[in-house]
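What follows is calculated from the coordinates using simple rules that are stated; it is not laboratory data. Remember, predicted model here, so these are calculated numbers, not experimental data. Cβ sites come from the backbone with ideal geometry, for glycine too, and all protein chains shown count toward neighbours.
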Amino acid sequence: MNTSPEESTVPAPAAEPAATSATVASSSSARDIKVRAPELIGRRWMNSGGKDLTLADLRGKVVLLDFWTFCCINCLHVLDELRPLEEKYARELVIIGVHSPKFEFERTVEAVDQAVERYQVEHLVLDDPDLVTWQAYTARAWPTLAVIDPEGYLVATMSGEGHAAGLTEIIEGLIEEHSAKGTLHSGDGPYVPPPAPETDLFYPGKATRLPSGHLIVADSGHHSLVEYDDDAATIIRRIGTGVRGSDDGDFASASFSEPGGITVLPADLAAEVGYQLVVADTVNHTLRGIDLEAETVTTIAGTGQQHMVGAIDNVRGKPGELGRYDGPARDVKLSSPWDVLFVPSTAEVVVAMAGNHTIWSFDPKDGTIRILSGTMNEGLVDGDGETAWFAQSSGLDLGPEGEVFVADSETSAIRRLDPATGEVSTLVGVGLFDFGFRDGPAAEARLQHPLGVRTLPDGSIAIADTYNGAIRRFDPTTEEVTTLARGLREPSDILVVDSASGAADETPTQIAGEAELLVVESAAHALTRVKLPKDAQRVDEGALTTKRPSTEIASGPVSLTVNFTVPAGQKLDDRWGDPTFLQVSATPPELIVSGEGGAEGLSRDIVINPELNEGVLHVTARAAACDGEPGGEIPLHAACHLYQQDWGIPVDLVDSAPDDLNLDLRGA
C-alpha cells in the first residue's frame, strides 16, 4: 500500500479529539475504533532466519512496530527503551523495527545490515527503503510507534520517545483481554538471532592518544575501552567487562554501554581529581572518569537516567519550562553524550550532548556541569549560547585559536563554538534535510552525517564524513571544502599521525614532517592509516534533500493541531498554568507569513505564503503530565512526565488541499 498519509486507508490517529489544556482525550479512545492494520511491505526481512513474514503469520501476538532510522538519536533511545519490554513479554510480544531511512546512505542494504548489527537490535526488522509501510501507517516523524492487537487491529500510535510506561500499560491490557478471549498465542516468536562476528574491535567510535603515546579506543560495540601500543598494532589492556552495564569498579569489573568520546586531562588536574580520562558513556547517559594508574572507573556526571527535554527534575521553575542547568554533575540527568573535549582556556570538558541537541561544559575540579549552548530544539541556528540550535552534535576538536569545532551530524554541518560564551557559527552546512557529496565553496558544499573533526597541521579541518565514507577538508582561509580520501566504511573519528615517528599529537599544528591520518573506520571494525595527499580531490556527486512523502496543504490560513492523549492514571499538570507548548518554524522561513514561534497550547492558526510551492514545516510539541486522576489533585510526590516530539514535515501547497494539519504527540 504505497499511498501518502492522507490517502491511506488507515485513519491517522489525528482523527481523535485534539488534546489541549481544555480538551483531553481519554486513554481508551484509541481502542474504541476497530481498524485493520495494513500489511507490512518492504525490501526484505531481517533477523527472521531468512523468512518473509506477513501479519497473518503474527496473528495471536501483540505486535509493536517501531518506525526508526539509524541516524536518529531519538530512535536509538527507543531501541534502549524497548529492550526491557522485549525481555519481559518475550512470549506474547513481537517487536518489529521498520527501518525508514532519512539519508541516502541509510537506503543501502549494507548500511542497514551494519546498523542492525551495530546497535544489537534483537528483534525483527523490516527494511522499508521506499517508505511503503511508513506511509501506510501515516508516520510523519522518527520515531513513531504503533501497536497491533493479536487479532490484527491497530490499537495505538505514538510519536517520539519516553513511552515505555504507556506501552507497558497497553501491552498488559491486550495480554489480559486476549488471554480471556482465547486469541493470544504465548510462545516463542519468529526472531532468529544472527551469528556474532569475532573481531578485536566491534564498531569502534572514538579514539585519542595518551601521554604515554599509547592509543585508547572506545570499542563501542563491545561496551569497553581498548588501550593499544604506540603503533595501534598490539592490545595492551581492555577496560570493562565487555558486557553492557553501568557498574563502577576496577577495570575487570566495570562496565559501559556503547561508550563514545574520550579526552585526556592535564597531569596536574588529573592528580587533583583522581582520574586522567573523561569518557562519554553514551547509552548510560553518563560521564565516566578513568584512573589509568589505579585501574578504576568512576561515574563523574549524570544519574544514569536519560534527560527528557523540559523534565521537571532538570529545571529551575515550573514543570515544562526549559531550564539552564548549572550545578552538581552527579545530580542531573544527561542525554546521550557522544563526544568530550578538554579545553585549556576554560579548564572544562566540553560535552557534545547529542541526545538533546545541546553542548554542555563539565568542570572536573568542582564536579559541576552546565548547559553551555543550545535550546534543545533540533536544527541549524547560529547565535549565542541561549538561542543557538544544534542537531545531534557528535564530534569535537580544539582549533588553533582555542575555538571548538563541532561535527553537527543531523544537519550535516561543521560549526565553530566559543567555549567561553557558547556562541556558535556555521562553517559548512545548510539545514536539517540538506546533505550530499559536493566539494567547493563552503556555502555550496555538502556533507552527509559527519561524526568527527580534527585540526590538521596547516590549521585546516579534517572531517570524518561518515555516511559518504570519506575524509573531507575545510580550509578556513579559502572557505573551500575538498576531499582527502574515499572508500572508507563509516569513518567516525580521526587522529593526526607523524609518519616519521608513528606518534600522534593532540596539538597537530606542531607536527613536523609528512603527516598521515589514523581513521577510526567503524563499520570495518578497524583503525586505518590514510596518507594526506599532496593535492586534495574535487568531488561533486550533487546536493540532496531528504525525500519523504509530502503532505498537501492549502496556502493562506491553516489550522495546526497536535493531538495529545493523556495516559491512564495521569492528568495534565496544570498547577502552573497551561502545561502544553507548541513551537513552529519553517524552511525556508518565508513559508510562514504569520504564526511562527513558540507559545502555550497545542493548536495554532498559521498563514502559509501563497507565493511558494513547497517547503518544510518544523513543529515541536510538549505536554507535561503527572500521576493522578483527572479532576483530582496531583499528589505531593507524584511522578511527572514530559512528552515531546519534533516533526519536520515536507509540504506541497495545493489550492484544493485541506486547510488544517493534525499531528499526534501520543495516542494510548
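Averaged over residues, the count of other Cβ atoms within 10 Å places the peptides 590-596, 434-440, 278-284 in the sequence 278-284, 434-440, 590-596, highest first. Residues whose amide H falls under 5 Å from that of ARG324, counting only those 5 or more places apart or on a different chain, are ARG316, with hydrogens built in the peptide plane.
Measuring nothing but how far apart in sequence close Cα pairs (under 8 Å, 6+ apart) lie, relative to its length, the range 34-191 scores a relative contact order of 37 percent. Here r is the Cβ-Cβ distance between ALA294 and ALA196 and R0 is 25 Å; the resulting FRET efficiency, rounded to 0.05, is 0.20. Residue separation of THR478 and ASP458 scaled by 0.36 nm, minus their Cα-Cα distance, works out to 5.9 nm of gained length. Sorting the segments 477-484, 133-140 by their mean number of nearby beta carbons within 10 angstrom, highest to lowest, gives 133-140, 477-484. Dipole magnitude for the chain: about 940 debye, using +1 per Lys or Arg Cβ and -1 per Asp or Glu Cβ, origin at the Cα centre.
For the chain, list log₁₀ I(q)/I(0) at each q in 0.05, 0.08 Å⁻¹, using the Debye formula over Cα point scatterers of equal strength and ignoring solvent, two decimals each. So the normalised log intensities are -0.22, -0.58. The mean sequence separation of alpha-carbon pairs under 8 Å and at least six residues apart, normalised by the residue count of the range 90-147, gives a relative contact order of 44 percent.
Rounded to the nearest 0.05, the FRET efficiency derived from the C-beta distance between GLU541 and ARG575 at R0 = 51 Å is 0.40.
The H on the amide N of GLU541, modeled in the peptide plane, is under 5 Å from the matching H of PHE437, ARG438, ASP439, each at least 5 residues off or on a different chain. Going by how many other beta carbons lie within 10 Å of each one, how would you line up GLU516, GLU600, fewest first? The most exposed by this proxy come first: GLU600, GLU516. Between GLU272 and ASP326, what's the calculated FRET efficiency when r is the beta-carbon distance and R0 is 22 Å? Round to 0.05. Rounded to the nearest 0.05, the efficiency is 0.55. With both labels modelled 7 Å from their Cα along Cα-to-Cβ, the ARG91 to ALA568 distance reads 2.3 nm. Our estimate of slack between ALA233 and ARG529, defined as 0.36 nm per intervening residue step minus the Cα-Cα distance, is 105.4 nm. Peptides 165-174, 656-665 ranked from most to least packed, by the mean per-residue count of other Cβ atoms within 10 Å: 165-174, 656-665. Across the range 195-210, coupling constants 3J(HN,Hα) worked out from phi with the 6.51/-1.76/1.60 Karplus curve, θ = phi - 60°, read x, 8, x, 10, 9, 4, 10, 9, 6, x, x, 10, 8, 8, 9, 8 Hz, and Gly and Pro carry x.
When a/c is below 1.5 the answer is rounded, else prolate if a/b is larger than b/c, else oblate, so apply that to the range 207-545 with a ≥ b ≥ c taken from the square roots of the Cα gyration tensor eigenvalues. Cα axes put the range 207-545 in the oblate bin.
What fraction of the DSSP beta bridges in the range 34-191 is antiparallel, stated in percent and rounded to the nearest 5? Taking every DSSP beta bridge within the range 34-191, about 55 percent pair in antiparallel fashion.
Database remark: amide H of LEU334 closer than 5 angstrom to the amide H of THR303, GLY304, GLN305, HIS307 (H placed geometrically; neighbours at sequence offset of 5 or more, or on other chains; Pro and chain starts carry no H). In the chain, the DSSP-assigned H stretches of four residues or longer account for a calculated mean residue ellipticity at 222 nm of -2500 deg cm²/dmol, using -39500 (n - 2.57) per stretch and the full residue count as denominator.
Taking the number of Cβ atoms within 10 Å of each Cβ as an exposure proxy, the fewest-first ranking of TRP142, TRP360, TRP45 is TRP45, TRP142, TRP360. Using the Cα gyration tensor of the range 103-212, with a ≥ b ≥ c the square roots of its eigenvalues, what is the shape: rounded (a/c below 1.5), prolate (a/b larger than b/c) or oblate (neither)? Prolate, since a/c reaches 1.5 and a/b exceeds b/c. Among LYS571, LYS534, the order by Cβ neighbours within 10 angstrom, fewest to most, reads LYS534, LYS571. Mean sequence separation of contacting Cα pairs (under 8 Å, at least six apart), scaled by the length of the chain, corresponds to a relative contact order of 11 percent. Pairs exceeding 24 Å between alpha-carbon atoms, taken from LYS51/LYS102; LYS88/LYS181; LYS34/LYS61; LYS61/LYS88: LYS51/LYS102.
Extension gain for the segment ALA164 to HIS185, taken as residue separation times 0.36 nm less the Cα-Cα distance, is 5.3 nm to one decimal. Couplings 3J(HN,Hα) for the range 86-91, derived from phi with the Karplus relation 6.51 cos²θ - 1.76 cosθ + 1.60 (θ = phi - 60°), are 5, 7, 5, 10, 4, 8 Hz, where x marks Gly and Pro.
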